[in-house]
Amino acid sequence: MTRFKELDPILHSQLRLAVISLLISTEIAEFTYIREQTGSTAGNLSIQLTKLKEAGYIDITKKFRNNYPQTLCSITSLGRTRFSEYINSLKDYLNPE
């Protein structure tokens, strides 16, 4: 039996982890802000946000602001829980006592 926990494959992607990390501190963020902060392309970010939404880690709200589409992302309680578990699993890898 291995003593290392399996890392969450949803969060183990660099871009998805970056998105969740941003949302942990901001609660809610616009698509453009996330894209700028992560340096991602719009297409790749859209795909990764969909994966996070399908896993239940984030909510996505689409609306219009001044006649322009606006996409807002927020972290769910499941997303917070999974992020915390992921961090704790990483700590096991970093401190294998």
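We did not get these values from a lab; they are worked out from the coordinates using the rules stated. Being a predicted model, the structure only gives us computed values, none of them experimental. Cβ sites come from the backbone with ideal geometry, for glycine too, and all protein chains shown count toward neighbours.
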Query raised in the report: Counting just the residues of region 50-97 that are under 12 Å from the mean Cα position of the chain (by Cα) and of a type in the set (D, E, K, R), which one comes out farthest from Arg3 (Cα to Cα)?
Result: Asp59
Query raised in the report: Mind checking which residues of region 5-45 are part of a helix (DSSP H, G or I), hydroxyl-bearing (Ser, Thr, Tyr) and more than 28 Å from Asp92 (Cα to Cα)?
Result: Thr32, Tyr33
Report summary line: Over region 60-77, the set of residues of a type in the set (Ser, Thr, Tyr) and touching a helix residue (DSSP H, G or I) at 6+ places or on another chain (Cβ under 8 Å) is Thr71, Ser74
Query raised in the report: Pairs under 9 Å by beta carbon, first residue free of Cβ contacts under 8 Å to residues at least 60 places away in the same chain and in a loop (DSSP other than H, G, I, E, B) in region 74-97, partner surrounded by 13 or more Cβ atoms within 10 Å (Cβ to Cβ) and of a type in the set (Ser, Thr, Tyr), six or more apart or different chains?
Result: Thr76/Tyr57
Query raised in the report: Just a yes or no: is a residue in region 11-28 over 20 Å from Ser84 (Cβ atoms) and out of contact with any helix residue (DSSP H, G or I) (no Cβ under 9 Å at 6 or more places or on another chain)?
Result: no
Query raised in the report: Which residues, counting only those in region 58-82, are surrounded by 14 or more Cβ atoms within 10 Å (Cβ to Cβ) and over 22 Å from Asp8 (Cβ atoms)?
Result: Thr71, Leu72
Report task. Report, by residue number, each residue of region 39-64 that is under 13 Å from Leu17 (Cβ atoms) and of a type in the set (Lys, Arg). Result -> Lys51
Requested in this report: Determine which member of the set Ala18, Ala55, Ala29 is touching a Cys at 6+ places or on another chain (Cβ under 6 Å) and surrounded by 10 or more Cβ atoms within 10 Å (Cβ to Cβ).
Outcome: Ala29
